[in-house]
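A.B. asks: One structure is given below, represented as C-alpha cells, and several questions about it will come after.
Please treat every number below as a calculation from the coordinates, not as lab data. Nothing here was measured: the structure is a model prediction, and the numbers come from that model. Every residue, glycine as well, gets a Cβ built from its backbone with ideal geometry; the counts of neighbours run over all protein chains shown.
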Amino acid sequence: MFTGIIQAVGTIASTRDKGGDVLLRIATGKLPLADVQPGDSIAVSGVCLTVIEKHADGFSADVSAETLSCTIIGELEPADTVNLEKALTPTTPLGGHLVSGHVDGIAEVIDRRQDARSVRFRLRVPDQLARYIAGKGSVCVDGISLTVNAVDGNVFDLNIVPHTLSETTMHEFKVGRRVNIEVDVIARYLERMLLGDRAAQPGVSGAGLSRAFLAEHGFAGDA
C-alpha cells in the first residue's frame, strides 16, 4: 500500500523488451534506497512495481504484459520522468489516502489553466470509471493523491498548488497527456459489497448496479 504522497521524481534509465514483458531500469534521484531490498514494492507513477535488482542510482523492475496493457508504463522512454513512492510502513504518516498501486485505467488531460499561483487541470476518464469519481473525494493521478474539485460526467477538475507542481511530474502535464488513474479503493469495494449475493453470479460486476437496484435495497430513493 501507498499514500499517494510523492517522495521523489525519478527518470527512466532504460527499457528492454523481454518477450512481451519489459525490464525497466529507473534512476531514483533523491529517493533514499538504503532500506530498499529486492522484493520490495515501489510505486512508479502510481504503478506498484517489485524491485528485482538494486543499483547505485536506482533499481530495476519487471513490467508484465497485463500492466503494460492498462497503464502508461509501456509508453515511457529513457529520460522520461516518473513519480516515486516507497511502500508505506506502520509508522508512515498517512498524508494522502490509501493507494494500492493497482491502476484502474488511463485518463487524458483536456485543459490546463493558471489560477493565481495554482494550476487548474481538467481530466477525462474512461466512461466505466466515471462512477467512482466524486466531488471532494480522492483520486490518484500518476501516483499522486489528489482531491477532486468538481465532476461533470466523465470529466473532473483538479486544483494543484505550487508545492505539488514542483515536487511531482505535474508541472510537465499538458493538454493531451495520458496519465494513470487509480480510483478510491473504498469506492471499489463498496460497489462490490452492494451487489450482495449477486456478486457470486458469473458475468456480474459493479456495472450491474443501477438506481433501481439501489432503491430496491434501501440505498437510494426514486429520482
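A.B. asks: At most 16 other Cβ atoms within 10 Å plus a DSSP loop assignment makes a site exposed; report the longest stretch of the chain without any exposed trypsin sites (Lys or Arg not before Pro).
C.D. replies: Numbers: sites that count: Lys30, Arg117, Lys136, Lys174.
Longest site-free region, per DSSP loop and neighbour criteria: 31-116.
A.B. asks: What is the order of Met170, Met193, fewest Cβ neighbours within 10 Å to most? All intermediate terms of the calculation are to be shown ahead of the outcome.
C.D. replies: Numbers: Met170 23, Met193 9.
Going from sparsest to densest Cβ surroundings: Met193, Met170.
A.B. asks: Treating cross-link reach as a plain straight distance, find the aspartates and glutamates whose alpha-carbon is under 17 Å from the alpha-carbon of Lys174, omitting any fewer than eight places away in the same chain.
C.D. replies: Glu75, Asp80, Glu108, Asp111, Asp115, Asp142, Asp157
A.B. asks: Another question, then. Return the sequence-ordered ³J(HN,Hα) values of segment 69-81 in whole Hz as given by the Karplus equation 6.51 cos²θ - 1.76 cosθ + 1.60 applied to θ = phi - 60°, using x for Gly and Pro.
C.D. replies: 6, 10, 9, 8, 4, x, 8, 6, 10, x, 5, 5, 8
A.B. asks: Please enumerate, by chain and number, the lysines with C-alpha under 30 Å from the C-alpha of Lys54, excluding those fewer than 8 residues away in the same chain.
C.D. replies: Lys18, Lys30, Lys86
A.B. asks: Hey, what's the Kirkwood Rh for segment 29-135 if you take every pair of different alpha carbons, in angstrom? Walk me through the intermediate numbers first.
C.D. replies: On the way: mean 1/r = 0.0616 Å⁻¹.
Computed over segment 29-135, the radius equals 16.2 Å.
A.B. asks: Determine, for Ser118, Ser60, the number of other Cβ atoms within 10 Å of each Cβ, and report the residues in order from fewest to most.
C.D. replies: On the way: Ser118 15, Ser60 18.
Ascending Cβ contact count within 10 Å gives the list Ser118, Ser60.
A.B. asks: Residue by residue, what Karplus-based ³J(HN,Hα) values in Hz, rounded to whole numbers, does segment 91-97 have, using 6.51, -1.76 and 1.60 with θ = phi - 60° and x for Gly and Pro?
C.D. replies: 9, 6, x, 8, x, x, 9
A.B. asks: Of the residues Gly96, Gly137, Gly176, which exhibits the maximal mean-square fluctuation in a Gaussian network model of the chain defined by a 10 Å Cα contact cut-off?
C.D. replies: Maximum fluctuation in the GNM of the chain, among the listed residues, is at Gly176.
A.B. asks: Let me ask you something else. Which length gain, in nm to one decimal place, applies between Ser69 and Asp157 when the Cα-Cα distance is subtracted from 0.36 nm times their residue separation?
C.D. replies: Numbers: separation 88, 0.36 × 88 = 31.68 nm, distance 2.58 nm.
In short, 29.1 nm is gained.
A.B. asks: Using only the alpha-carbon atoms, what does the chain span along each of its principal axes? Please give whole angstrom values in decreasing order.
C.D. replies: If we take the Cα atoms of the chain, the spans are 60, 47, 37 Å.
A.B. asks: Per the Kirkwood definition applied to all pairs of different Cα atoms, how many angstroms is the hydrodynamic radius of segment 8-86?
C.D. replies: Details: mean 1/r = 0.0815 Å⁻¹.
In segment 8-86 this quantity evaluates to 12.3 Å.
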